[in-house]
Amino acid sequence: MHIYCTDIEGKVNELPATEEWSVMEIIREGGIAMLAQCGGSCACATCHVYVDPAWKDKIPPAGEEEIGMLDGAFEVTADSRLACQIFFTKELDGLKVTLANGSM
Amino acid sequence: MTNTQQDVISTDVIIVGAGPIGLFAVFELGLYDMKCHLIDILDRVGGQCAELYPEKPIYDIPAVPVCTGAELTERLMEQIKPFSPTFHLGQMAEKMEKTADGKWRVTTDRGTMLEAPVVVLAAGGGSFVPKKMPLKGIEAFEGTSVFYAVRKMESFRDKTLVISGGGDSALDWAINLQPVAKHVTLIHRRDEFRAAPDSVSKMRALVASGAMDLKIANITGVSGQGGHLESVTMKEEGKDPVELPCDSMLAFYGLTMKLGPVADFGITFENELVPVDTATFETNLQGVFAIGDINVYPGKMKLILSGFHEAALMAKKAFPYVHPDRRYRFQYTTSSSNLHKQLGKDE
Ligand SMILES: Cc1cc2nc3c(=O)[nH]c(=O)nc-3n(C[C@H](O)[C@H](O)[C@H](O)COP(=O)(O)OP(=O)(O)OC[C@H]3O[C@@H](n4cnc5c(N)ncnc54)[C@H](O)[C@@H]3O)c2cc1C
Ligand code: FES
C-alpha cells in the first residue's frame, strides 16, 4: 500500500504506507523532511498538508481540536488537514497529499 | 549602559530553560544545597507543558495517575518552593563564556549577567519563538514593517495596520492598537476565533461600528520597497486575490521551538541535540550539563520522567563543582534530617 506525497519542489513521491500509522509518520518514514514539531499530538500545525479533493470524502473529517490548531498553519484552504490526524487504512491506498508551506 | 562587576549575579547553578525538567532540577540540586537561577524566554514557567498543552492530560507521571500540563507545572513550583529559585523570565540566554576564575558566565538579551560554577542546559526543543510567515520575500520586511510581537505600541501610531491571526494575541492587539493606529484590518482564515469570549465580542463590536475591518482570508504575499511594506495580498476562499494597502503587519500564528543561541555556547551538538554521558549528563564542557529533551544518548526517550531521572544524576555530579570541600552523601528524603533541613521540614 502507498500514498503519494507532493513535496515543496513539486516532486511526487510514492511512499510505502502502513495501516494505523498517521500520514505524518508515513511521510517522515518515507524520508521527506516534515517539521511535525510536536510529534503528532495536534499541538503545532507544522504537519499541514492539502488532501487531493478526490480523497477528501474517504477521510474522517477534522475534529474541533484539529480545526482550531489549523489557525496556526499558513495558507489554509478547504483541503487543509494536519497529517498527524489522518490515520491510514486500506481504503486510503493511493491517497494523494501535498505538503503546505511552513511544514518543512 | 555598561555593566560593572556589581551587576553580575553570583549563584551556584544557572539553569537555561524553565520547562518541567529545569524546574525539577531545582529540587534535586536544592536537596544538596545548590541554589539556582533560571532563565526562560517565555514569560511563564513550564516549557512545553505550559505553552503547548496546559489543558491536556498527562498519564505517565509515576504515582500521578493524571494531571494536565498546567497542573504538573503548578505542582513542580510547589515542590521547589523551599529552595526559593530565582527566575529571569522573558529573557533569552544569549551568551555563555568562561570567566578568569573558571566559572561560567551567562548573559541574557536584557543584559542580565549570571555567574556560577555549573550551568544546566534544560532548553528542551529550543527556545519558544513566534512562527514566521513563510511568504516569498518577507524577510526584507521583518523587523521594519512586519512584526511577530509588539514591543512598543507607539511604533504603530498612525499606521495602516494589518493584523493576522485568530487567537488571543491577534485579538488583544487588534483591540489595543485600534485607537493608536490610523486603521486596523484583522485578517483570519475563518470566521471563528479561539480567544477569550470577551475579546471576541469587543472585536465584533469594533467591526460592527466600522472602527475596524475584518477579512476572512489568507495572506498569500507581501510587497513593498526598501523594507517598507506597501501592501499584502489577501485571498478570500473562492475569490481572486486582492492587494490590501498597508504599511505595517503584525502576524500571530503561535509559537515554535528554535534551537537559538545555545548552539553557540561551545557545547557540542549533533542534529540539534547534545550528546551526554548517561552517568553524569555532563556535556563536552566541564560543569555544563544537558538534561531533558535537549540531550541525546543511546535509548533516549523524550519523556518528562526520563528528564526527572537525568536531573537526579546530574545533581550528584554537579555537587563537587559547587561544594569542592564537601563530600556528597547519598540520602533518602524520607529519613535524612539533613535533607529535611534543606526542605524546611526540620521543626
Ligand atoms: C502535545 C504534547 C504532549 C506531550 N505529552 C507528554 C506526556 O504525556 N508525557 C511525557 O512524559 N511527555 C509528554 N510530552 C513531552 C514533554 O512535554 C517534554 O518531554 C518536556 O516538556 C521536556 O521538558 P524540558 O524541560 O526538557 O523542555 P521544554 O519543556 O521544551 O522547556 C524548555 C524551555 O527552555 C526555554 N529555552 C530554550 N532555550 C532558551 C534560551 N536560549 N533562553 C531562554 N530560554 C530558553 C524554552 O523557551 C522552554 O520554555 C508532550 C509534548 C507535547 C508537545
Ligand atoms: S505534528 Fe504537530 S500538529 Fe501534527
Handout entry: Hits in region B:246-274 (condition: aromatic (Phe, Trp, Tyr) and more than 14 Å from chain A (Cβ to nearest Cβ))
Key = B:Phe265, B:Phe269
Handout entry: Residue, nearest to the other protein chains (Cβ to nearest Cβ), within region B:32-53, restricted to residues that are away from ligand 2 (no atom under 16 Å from the Cβ), farther than 14 Å from B:Ala93 by Cβ and in contact with a Ser or Thr (Cβ under 7 Å, 6 or more places away or on another chain)
Key = B:Ala50
Handout entry: Every residue from region B:179-217 that is loosely packed, with under 15 Cβ neighbours inside 10 Å and among the hydroxyl-bearing types (Ser, Thr, Tyr)
Key = B:Ser201, B:Ser209
Exercise for the section: Among what's in region B:113-136 and is touching a Gly at 6+ places or on another chain (Cβ under 6 Å) and near ligand 1 (Cβ under 6 Å from one of its atoms), pick the residue that is farthest from B:Asn295 (Cα to Cα). Expected result: B:Ser127
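Can you tell me which residue among B:Asp168, B:Asp172, B:Asp158 is closer than 28 Å to B:Gly210 by Cβ, within 14 Å of chain A (Cβ to nearest Cβ) and surrounded by fewer than 20 Cβ atoms within 10 Å (Cβ to Cβ)? I'd like the intermediate steps shown before the answer.
Values: B:Asp172 fails: within 14 Å of chain A (Cβ to nearest Cβ); B:Asp158 fails: within 14 Å of chain A (Cβ to nearest Cβ).
Being closer than 28 Å to B:Gly210 by Cβ, within 14 Å of chain A (Cβ to nearest Cβ) and surrounded by fewer than 20 Cβ atoms within 10 Å (Cβ to Cβ) holds for just one of B:Asp168, B:Asp172, B:Asp158, which is B:Asp168.
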Exercise for the section: Go through the residues of region B:207-227 one by one and say whether even a single one is assigned to a helix (DSSP H, G or I) and more than 27 Å from B:Ala140 (Cβ to Cβ). Expected result: yes
Completion exercise
Of the residues in region A:82-97, those that are farther than 16 Å from A:Ile8 by Cβ, within 16 Å of ligand 2 (Cβ to nearest atom) and more than 14 Å from chain B (Cβ to nearest Cβ) come to A:Gln85, A:Ile86, A:Phe87, A:Phe88
Exercise for the section: Select from region A:41-54 the residues that are assigned to a loop (DSSP other than H, G, I, E, B) and open to solvent by 30 Å² or more (accessible area, probe 1.4 Å) and write down the one among them that is nearest to the other protein chains (Cβ to nearest Cβ). Expected result: A:Ser41
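Listed here are the residues, each with its yes/no results for (1) open to solvent by less than 10 Å² (accessible area, probe 1.4 Å); (2) in the same structural domain as B:Leu114 (by TED's automatic domain parsing); (3) closer than 18 Å to A:Gln37 by Cβ.
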position	(1), (2), (3)
B:Phe24	no, yes, no
B:Asp43	no, yes, no
B:Gln48	no, yes, yes
B:Tyr59	no, yes, no
B:Ala63	no, yes, no
B:Cys67	yes, yes, no
Completion exercise
Checked against (1) within 12 Å of chain B (Cβ to nearest Cβ); (2) in contact with a strand residue (DSSP E or B) (Cβ under 9 Å, 6 or more places away or on another chain), A:Cys38 satisfies every condition except (2)
Practice task
Among what's in region A:1-33 and is within 16 Å of ligand 1 (Cβ to nearest atom) and open to solvent by less than 70 Å² (accessible area, probe 1.4 Å), pick the residue that is farthest from the chain's Cα centre (by Cα).
Solution key: A:Ser22
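The values are calculated or read from the model by the stated rules, or taken from the named source; none is laboratory data. Just so we're clear, the structure is a prediction, and the values are computed from it rather than from any experiment. Cβ: placed from backbone, ideal geometry, glycine included. Neighbour counts: every protein chain shown. Heavy atoms of the whole protein, side chains included, go into the accessibility calculation; ligands, DNA and RNA do not. Shrake-Rupley method; radii C 1.70, N 1.55, O 1.52, S 1.80 Å.
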